[in-house]
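**Q** Shown below is the structure under consideration.
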Amino acid sequence: MTKKSLNLSKTTGEVLSRRAAVTDIAIVAAFMVTLNWVTLGITESYAGPITASCAVVLITMLFWRRGMRWRDHGLRRPTRPRLLFAQVPVVLVAWLTISAVAAFLVGQYLPKPDTSARFGDLAGNIPGTLWWIGIAWLIGGFAEEMIFRGFLLNRLAALLPRGTLGSIMAVLLQAALFGAVHVYNRGLFGFLVLGAVGLVLGTSYLVLRRNLWPLILAHGLGNTLGFLARYFDLK
């Protein structure tokens with residue numbers, strides 16, 4: 001990992017004032033917390049997906065207001081598409097490895113959350129599995145990467161010191177927040193494990209020069225493997 005790849009100081013985060021960055025983060029955070037709280041009272045299974053999809057719409061509006069687009073934050077056409085065949089497996093393996101190690105270590109002290117109420121009927125259930133795989137791609141693959149890496153990581157970088165140190169701090173903070181949004185249904189176990197996953201994805205975002213596509217594809221594939229494991233009753 002080079003110093004240049006870690007440096008976010010010349011990204012879209014730099015052109016934002018600190019006040020603008022704080023404002024954007026506060027608006028999105030307040031919106032997500034409020035909407036998730038409201039939707040949890042209606043449907044626990046879909047509270048997260050609803051909140052994430054609506055947050056993407058809100059962030060898009062904020063970008064438009066500031067004269068930005070998603071392509072400025074990494075959702076752009078890859079200049080060398082063939083690289084994805086190398087990048088995606090690396091990100092996926094790193095994510096799965098860190099996730100497994102973190103789950104094992106955290107599992108020594110905390111119980112693994114019971115998700116049977118939400119996904120317990122997927123064993124042998126093709127329609128249900130395909131439904132959740134579709135949601136996993138739209139929300140886990142696209143929405144979460146757009147929110148936490150494309151939006152949040154750049155906004156945090158605008159608040160922190162320029163250079164490698166500020167970029168590392170931004171990665172750590174977005175990872176912590178990525179874990180925190182999963183506390184509502186996975187508890188402290190989910191916070192720690194998914195925080196570790198967020199660390200891998202945030203680092204990958206910097207190393208891959210703020211290209212979201214390898215992360216989106218790896219995230220979607222990783223979630224797909226998870227749901228296939230439930231379908232074959234391996235979890």
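FYI, it's all coordinate maths here, none of it is from the lab. None of these values were measured; they are calculated from a predicted model. With ideal geometry, Cβ positions are generated from the backbone for all residues, glycine too; neighbour counts draw on all protein chains shown.
**Q** Could you please give the count of residues in region 30-50 that are part of a helix (DSSP H, G or I) and touching a residue at least 60 places away in the same chain (Cβ under 8 Å)?
**A** Of the residues in region 30-50, the ones part of a helix (DSSP H, G or I) are 30-40, 47-50.
If we keep only those that are touching a residue at least 60 places away in the same chain (Cβ under 8 Å) too, we end up with 32, 36, 40, 47-49.
Total meeting the criteria: 6.
**Q** In addition: What tally of residues in region 51-109 results from selecting those that are crowded, with 16+ Cβ neighbours inside 10 Å and not in a helix (DSSP H, G or I)?
**A** 3
**Q** Something else about it: β-branched (Val, Ile, Thr) and under 21 Å from GLY107 (Cβ atoms) - does that describe any residue in region 202-225? First the steps, then the outcome.
**A** Filtering region 202-225 for residues β-branched (Val, Ile, Thr) gives 203, 207, 216, 224.
Applying the additional criterion that residues be under 21 Å from GLY107 (Cβ atoms) yields none.
Taking every residue of region 202-225 in turn, none turns out to be β-branched (Val, Ile, Thr) and under 21 Å from GLY107 (Cβ atoms).
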